[in-house]
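Okay, so here's the structure we're looking at.
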Amino acid sequence: MSSVLIKELEINEDNLSRANNGFCIAGDVSATNTLIGVYALSDRGPLPVFVGKYDAKNVRDFNDQVLLDSLKRAGVNIDDVESAVFSPAGDISTDRRTCDLTNAKFNIDAATMNIPSVAIINDYTAIAYAVLSFGLKGDLEHLVLPHSFKGSDGKEYFGERVENETIAIHGAGTGFGTARIFWDRENGEYRVENIRPRRSEGGHRMIPVTTHEEVDLVDWLKDYKYDGFNPPLEAILSGQGIDDVFEYLIRRSGNNFMRIPKKVKDPAVYIADQARRNPNTEFAQTMDLFWTIYGRALHDLAVHEVAKGGVWVSGGIIMGEIEYNPGTGVVDKRIARRIMSEFDSGATHRDWYLKIPVSAIMDRLVGLKGALEVASKPAYLEREKYVPQAA
């Protein structure tokens, strides 16, 4: 089969000789682009040998076109690989063996890889591990969004994380992904390794609406997109959701001149771009509704999970839309203001939820970093790996 490698992001042959504990593989897998890294397991931790970006749209055989290709480019024999962890966006089987990716023409099967330890974990579980290992230490690129009110000193207030409390991870992308990190109280002491990421299903909660327009939107989604059933949260908080909200607004206004050109490959990206260029249009109204529901959903999930340890927001949409400077912070604060004004709008539990810090993850390698943490840490790997069932 032809190569589907888009770009070599990193290659370091010098690290081959530093692998005194073998090698591991980590992958952040989606139906569009897939990141795969081959790492030397050394006493200093995992060291990159090869990291590549693959065109997943043209993958038919994951093992041949991605897994073995990355090993070949790294100069590593599969017999020397100790572990592999992949974090796909899709449904993972209950036995953790396979994953059918959303909108992809291939699947992942741990039993076919000939690697001693293989784990297939949900993409947001990987992000949770990255937050756990890097985010809490300040080593993950992110922005803390200011609350909608000033602190007691008259300056922007960013909240205060409470130690040993639940941390929530949520985000809109292909769907609405959720996970959480909670403190394991069984051992009675604070130990980072006892905070355990687990997948949640917050994306399938109902949409929180408060205005007549939002009720009308949900009724339209119910009738035209969900066969009369109540639409889930990701009916709005996803790339497809942005497209559907725009369609609703166009149908309501009758403005047939504001259509998306057929040649556009990603309508959500196009709508967001047009919203910035044309503030008084259905494009801008679409994104205003999107960010409003986003902030309200983050509030509801944070209160439901009692996430006093903080809320971390991930996903390609927020990464692509919040303009910021790594040194000075947010450049355009409109999105942050809309999210946080809704996050702060709840009537109950205000004594603690208004103190929750909300962080937007801006690190595009977050999924790969989380998968690598599991692949290279025996305790995490043991917890997440696929275990073949006895015949």
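The values are calculated or read from the model by the stated rules, or taken from the named source; none is laboratory data. Given the structure is predicted, the values throughout are model-derived calculations rather than measurements. Glycine also receives a Cβ, built like all others from the backbone with ideal geometry; neighbour counts cover every protein chain displayed.
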Please work out if A128 is touching a residue at least 12 places away in the same chain (Cβ under 8 Å), surrounded by 21 or more Cβ atoms within 10 Å (Cβ to Cβ) and in contact with a Lys or Arg (Cβ under 6 Å, 6 or more places away or on another chain).
-> no
Of all the residues that make up the stretch 276-287, how many are within 11 Å of F246 (Cα to Cα) and assigned to a helix (DSSP H, G or I)?
-> 6
Looking only at the stretch 216-231, decide whether some residue is surrounded by fewer than 16 Cβ atoms within 10 Å (Cβ to Cβ) and under 30 Å from I181 (Cα atoms).
-> yes
For V313, all conditions in the list (1) part of a helix (DSSP H, G or I); (2) touching a residue at least 60 places away in the same chain (Cβ under 8 Å); (3) closer than 19 Å to A235 by Cβ hold save one; what is the number of the exception?
-> (1)
Please specify each residue of the stretch 108-139 satisfying the condition of being farther than 26 Å from R60 by Cα and either assigned by TED's automatic domain parsing to the domain that holds R338 or not hydrophobic (A, V, I, L, M, F, W, C) (or both).
-> Y129, S133, G135, K137, G138, D139
For I318, indicate whether it is under 28 Å from N164 (Cβ atoms) and in a helix (DSSP H, G or I).
-> yes
Answer yes or no: is there a residue in the stretch 146-158 that is more than 25 Å from L233 (Cα to Cα) and not assigned by TED's automatic domain parsing to the domain that holds E305.
-> no
When you scan the stretch 165-200, how many residues do you find that are within 15 Å of G309 (Cα to Cα), among the β-branched types (V, I, T) and either at pLDDT below 60 or not in a strand (DSSP E or B) (or both)?
-> 3
